[in-house]
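The values are calculated or read from the model by the stated rules, or taken from the named source; none is laboratory data. Source: prediction; values computed, not measured. Cβ placement follows ideal geometry from the backbone for every residue including glycine, while neighbour counts extend to all protein chains displayed.
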Amino acid sequence: MGKLNSGVPEGELKNKWVNYKDNIDLVNPANKRNIDVIVVGTGLAGGSASATLAELGYNVKTFCYQDSPRRAHSIAAQGGINAAKNYQGDGDSTYRLFYDTIKGGDYRSREANVYRLAEVSTNIIDQCVAQGVPFARDYGGLLDNRSFGGVLVSRTFYAKGQTGQQLLLGAYSAMNRQIARGKIKMYNRHEMLDVVVVDGKARGIIARNLTTGEIERHSAHAVVLASGGYGNVYFLSTNAMGSNVTAAWKAHKKGAYFANPCYTQIHPTCIPRSGEYQSKLTLMSESLRNDGRIWVPKKKEDVEALRNGTLKAINIKEEDRDYYLERRYPAFGNLVPRDVASRAAKERCDAGFGVNQTGEAVFLDFSSAIMRYGKEQALLKGLDENDASLVKKLGQDIVKAKYGNLFQMYEKIVDENPYETPMMIYPAVHYTMGGIWVDYNLMTSVPGLYAIGEANFSDHGANRLGASALMQGLADGYFVLPYTIGDYLSDDIRTGPISTDTKEFDEAEQQVKEQLNNLVNNKGKHSVDYYHKKLGKIMWDECGMARTEEGLKKAIQDIKSLRDDFWKNVNVPGGINEMNKELEKAGRVADFLELGELFAKDALERNESCGGHFREEYATPEGEAKRNDKDYTYVAAWEYKGEPADAVLHKEELNFENIEVKERSYK
Amino acid sequence: MNLKLKIWRQKDANDKGSMVDYDIQNVSEHMSFLEMLDVLNEELIEKGDDPVAFDHDCREGICGMCSLYINGEAHGPDRMVTTCQLHMRKFKDGDTIYIEPFRANAFPVVKDLVVDRSSFDRIQHAGGYISVNTSGNTQDANAIPIPKDDADLAFDAATCIGCGACVASCKNSSAMLFVSAKVSQFALLPQGQVEAKDRVTNMVNKMDEEGFGNCTNTGACEVQCPKGISLDNISRMNREFLSANLKKS
């Protein structure tokens, strides 16, 4: 077991990044023109990194599996982006954003990285506004904010329920400017299938052209992975259908350590599942918890009546409702962090209070907010605040202006009107805090290979706070990586173009082709989805919101035998040299089948509960997560050694010098 | 419910292609349209047939990757939704459903229901951005107040997902709604003023070059747009284009 060096600069926390920037090596503009960088993925992290690196003068080659970089799944982020602007004058600061993020992550993230994130957060908002991102504004024309879970200030900037879309289109527009100048060469409908390491350094990738099936070699002086998270290991998640771990996993197999795979975020407010055919789950933004109140009935007979359709939610009396988050966590109420809210929903549903036929749903109710806003509007407009139907109408208009697209989405999917009847929600897999291990420079354990955004592990510890993923993606891509990668590339100014005609490229290409051939020639009995669904069920049952030693051991066995079965019996129709969507899926599921096992192994090794990782054996008497700081204040970084079972653990000890480590309480 | 499907099958860009009939049984009304196609594909794979290729990704109506021309309508019979959000409750037992790709000269078919919309990207390369470096040293975000109404209108225009339904719905295969959405977003914001004239000129020229048709104010694009992008944007773009080119000459 080795020790990992995170490369955090010396000095006081608040001066680290400034001093670092003052002392790194730079590459002069003429030399940048001779240096190539590959970026895999075009979400907020990959898009912003590509644009910025190209703008600095590097030759950037960017890859995405979608038909356009604008489609990356950052586009689906709804609620907002955090920044310590303190425009509301409610006591926000860089330190407070840092503090909230470390605490929200249950003291399992790296101090220096998180502080840097908080520090550059304000630049992001300035940058995006300059790019023409249409954030929500108040009537004075200034930017509006709202509040998210786990914090006591309003620091979230938003664009209705489409913040991710607007930010991504901002990054996409910055990319377009560089594509037009020829500084970014864009490879749409391409999937990275391996990273090529030459003399210990990442020097290129093998990619498959998804339109023609052609296998291509691409070289560069550095490779940046911005390929997102691995939530689709659960089959059902809020991720896009194509979101996958392949780029990250192939990098892992080439020497990049994979950190904390068991830290997964299960988001409390998603639309409950409805049937076996279901292909994905839809998130309802956390911003709804600003105004929505979460409850289940207090009485079992009301639950029964709801399930058999003889009682409607709106007819349950106020005193018969259990607003369980407000009851259990009076200080934060409905705005507790996601892991806490999800477990509380599970607890009520496991106790038999789930409000739909599957027993896996709770109510998210806007009636109080509608009346509150309606009264305010009536007063403002000089209308009768005692006219209930008028007040309701006025209130609904305000709620519509704030969350209109989310309400519309809910209505289209569920076929119920959420303005009249409470929404039904249940937790679903949403985000993965774990990912490729990176040092302070965002470089993986393979020199020249970087990981940014959700693909890395670094900033969110064991639980991510709402509206922080967008912040991290853009911070990494716009403001962190462009500095740190320059320091590395300053050694490459004399290297010249990297040849793809070498044995390392030959071998990597050979391996990729072999796997593709195996998949299409197998002609087994079961489709790729058959295996993906089975894997998803194991993951959800044993590695979901609550985990046990016994369940995890079983999961490891089950995943291994499922993987063996997959390689014997999977059926992939069609050929290699054509557009073949089943073949794409098959490669991704093959990697999920390996990652899933490492995930369970990591969860089994971590004998504590922290953030999104909840081991039933380690809970307080009130059922809250119980950390073991003495033994587990470290990052678990796994080194690939053949089979997931053989992975070797490396520990990066976490030191907290600027924050008091204590029990994470939201009561 | 049981349905008859007539689906466009085309092996690759060079193949002629044709409609092929399929039957599908026991479709639940709660399924999304794409989940219905997933089930069909599972059955085809089981039988050893080639599954139907179609584009899709987020399946929550925001990435713009899914398309499909269903019973003669882009994204099908429901309004303000993409195909991935269209649910089978909009159909009834015994229905015959025609499923075709988005058709336009500027959107060549790649395979089956998959089309190439890279012409949209190329229009964006021609001017769909504000030229600001990502230094982080721009002025404070609140330095320029923007009237809420302008900001809201800019936002409404910016919600375009680039799916191409407007083009597929238009009898002229015009991309005016798509292009005008981006032009409007920036035209409504102070940040977009500096380059406004070049932007509108370059984007409109590129649109013509890519082979999109002209606008004849039919308004089908607005009706079929899953995000409700307003025709007002086209008027605004026409004004912008006119004023840019009058002053130039």
Handout entry: Any hit, region B:226-245, residues being over 27 Å from A:LEU167 (Cα atoms) and among the small types (Gly, Ala, Ser)
Key = yes
Handout entry: Residue ID - nearest to the chain's Cα centre (by Cα), chosen from residues in region B:36-50 that are closer than 21 Å to B:GLN85 by Cα and facing chain A (nearest Cβ under 7 Å)
Key = B:ASP38
Problem - Number of the exception - A:THR548 against (1) within 30 Å of A:GLU216 (Cβ to Cβ); (2) under 25 Å from the mean Cα position of the chain (by Cα) - result: (1)
Problem - Matching residues in region A:99-114 - criterion: being crowded, with 24+ Cβ neighbours inside 10 Å and in a helix (DSSP H, G or I) - result: A:ASP100, A:THR101, A:ILE102, A:GLY104, A:ASN113, A:VAL114
Problem - Residues satisfying the stated conditions in region A:415-440, i.e. surrounded by fewer than 24 Cβ atoms within 10 Å (Cβ to Cβ) and more than 20 Å from the chain's Cα centre (by Cα) - result: A:ASP415, A:GLU416, A:ASN417, A:PRO418, A:TYR419, A:GLU420, A:THR421, A:PRO422, A:MET424
Exercise for the section: Just need a number here: residues in region B:83-103 that are crowded, with 23+ Cβ neighbours inside 10 Å and more than 23 Å from A:GLN278 (Cα to Cα). Expected result: 2
Exercise for the section: Kindly check whether there is at least one residue in region A:358-367 that is among the aliphatic types (A, V, I, L, M), buried (at least 18 other Cβ atoms within 10 Å of the Cβ) and assigned to a helix (DSSP H, G or I). Expected result: no
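Within region B:137-166, track down each residue that is assigned to a loop (DSSP other than H, G, I, E, B) and touching a residue at least 60 places away in the same chain (Cβ under 8 Å).
Once the filter is applied, which keeps residues that are assigned to a loop (DSSP other than H, G, I, E, B) and touching a residue at least 60 places away in the same chain (Cβ under 8 Å), region B:137-166 yields B:THR159, B:CYS160, B:ILE161, B:GLY162, B:CYS163, B:GLY164.
Could you identify the single residue in A:HIS190, A:HIS221 that is surrounded by 24 or more Cβ atoms within 10 Å (Cβ to Cβ) and under 23 Å from A:VAL37 (Cβ atoms)?
A:HIS221
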Fill in the blank from the handout: When (1) closer than 19 Å to A:SER237 by Cα; (2) in contact (Cβ under 8 Å) with a residue 12 or more places away in the chain are applied to B:ASP57, the one that fails is (2)
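Would you mind listing the helices (runs of 4 or more DSSP H) fully within region A:252-350 where at least 3 residues are under 25 Å from the mean Cα position of the chain (by Cα) and among the hydrophobic types (A, V, I, L, M, F, W, C)?
Helices (runs of 4 or more DSSP H) meeting the threshold: A:338-348.
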Practice task
Report yes if some residue within region A:577-595 is over 30 Å from A:ARG208 (Cα atoms) and not in a loop (DSSP other than H, G, I, E, B); otherwise report no.
Solution key: no
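Is region B:71-82 home to any residue that is surrounded by fewer than 22 Cβ atoms within 10 Å (Cβ to Cβ), facing chain A (nearest Cβ under 8 Å) and of a type in the set (S, T, N, Q)?
Within region B:71-82, none of the residues are surrounded by fewer than 22 Cβ atoms within 10 Å (Cβ to Cβ), facing chain A (nearest Cβ under 8 Å) and of a type in the set (S, T, N, Q).
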Problem - The listed residue being out of contact with any Gly (no Cβ under 7 Å at 6 or more places or on another chain), free of Cβ contacts under 8 Å to residues at least 40 places away in the same chain, surrounded by 13 or more Cβ atoms within 10 Å (Cβ to Cβ) and small (Gly, Ala, Ser), out of A:ALA619, A:ALA590, A:ALA636, A:ALA647 - result: A:ALA619
Exercise for the section: Quick one: count up the residues across region A:40-76 that are over 15 Å from A:ALA174 (Cα atoms), of a type in the set (A, V, I, L, M, F, W, C) and more than 9 Å from chain B (Cβ to nearest Cβ). Expected result: 3
Exercise for the section: Any residue in region B:72-85 that's farther than 16 Å from A:ASN405 by Cα: show its pairings with residues that are of a type in the set (Val, Ile, Thr) at Cβ separation under 8 Å, as long as the two are six or more apart or on different chains. Expected result: B:HIS75/B:VAL81; B:HIS75/B:THR82; B:HIS75/B:THR83; B:GLY76/B:ILE70; B:GLY76/B:THR83; B:PRO77/B:ILE70; B:THR83/B:ILE70
Problem - Search result, residues across region A:542-567 that are of a type outside the set (A, V, I, L, M) and in contact with a helix residue (DSSP H, G or I) (Cβ under 7 Å, 6 or more places away or on another chain) - result: A:GLU542, A:CYS543, A:ARG547, A:GLU549, A:GLY551, A:LYS553, A:LYS554, A:ASP558, A:LYS560, A:ARG563, A:PHE566
Exercise for the section: Among residues belonging to region A:134-145 that are within 8 Å of chain B (Cβ to nearest Cβ) and touching a residue at least 12 places away in the same chain (Cβ under 8 Å), point out the one that is nearest to B:GLY128 (Cα to Cα). Expected result: A:PRO134
Problem - All positions within region A:117-157 that are under 23 Å from the mean Cα position of the chain (by Cα), surrounded by fewer than 24 Cβ atoms within 10 Å (Cβ to Cβ) and hydroxyl-bearing (Ser, Thr, Tyr) - result: A:THR122, A:SER147, A:SER154
Exercise for the section: Would you mention how many residues in region A:29-57 are part of a loop (DSSP other than H, G, I, E, B), in contact (Cβ under 8 Å) with a residue 60 or more places away in the chain and of a type outside the set (Ser, Thr, Tyr)? Expected result: 5
Practice task
Would you mind stating whether B:ASN142 is at pLDDT 95 or above, outside the structural domain of B:VAL81 (by TED's automatic domain parsing), more than 24 Å from B:GLY76 (Cβ to Cβ) and in contact with a strand residue (DSSP E or B) (Cβ under 8 Å, 6 or more places away or on another chain)?
Solution key: yes
Practice task
Please enumerate the residues belonging to region B:51-70 that are within 21 Å of A:ASN244 (Cα to Cα) and either more than 9 Å from chain A (Cβ to nearest Cβ) or part of a strand (DSSP E or B) (or both).
Solution key: B:CYS66
Exercise for the section: Please work out which residue is nearest to A:ASN607 (Cα to Cα), limiting yourself to region A:521-556 and to residues that are surrounded by 16 or more Cβ atoms within 10 Å (Cβ to Cβ) and acidic (Asp, Glu). Expected result: A:GLU542
Completion exercise
The number of residues in region A:74-98 that are surrounded by fewer than 23 Cβ atoms within 10 Å (Cβ to Cβ) and touching a strand residue (DSSP E or B) at 6+ places or on another chain (Cβ under 9 Å) is 2
Exercise for the section: Starting from region A:515-534, keep only residues that are closer than 17 Å to B:GLU42 by Cβ, then list their pairs with residues that are of a type in the set (Ser, Thr, Tyr) whose Cβ atoms are within a distance under 9 Å, requiring at least 6 positions of separation or different chains. Expected result: A:ASP529/A:SER279
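Listed here are the residues, each with its yes/no results for (1) assigned to a loop (DSSP other than H, G, I, E, B); (2) under 23 Å from the mean Cα position of the chain (by Cα); (3) within 14 Å of chain B (Cβ to nearest Cβ).
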site	(1), (2), (3)
A:ALA508	no, no, no
A:VAL512	no, no, no
A:VAL520	no, no, yes
A:TYR531	no, no, yes
A:ASP541	no, yes, no
A:GLY575	yes, no, yes
A:PHE599	no, yes, no
Exercise for the section: Return the pairs, sorted by first residue and then second, in which the second residue is among the aromatic types (Phe, Trp, Tyr), the first residue lies in region A:166-186 and is in the same structural domain as A:ILE81 (by TED's automatic domain parsing), the beta carbons are less than 7 Å apart, and the residues are 6+ apart or on different chains. Expected result: A:SER173/B:TYR129; A:ALA174/B:TYR129; A:ASN176/B:TYR129; A:ARG177/B:TYR129
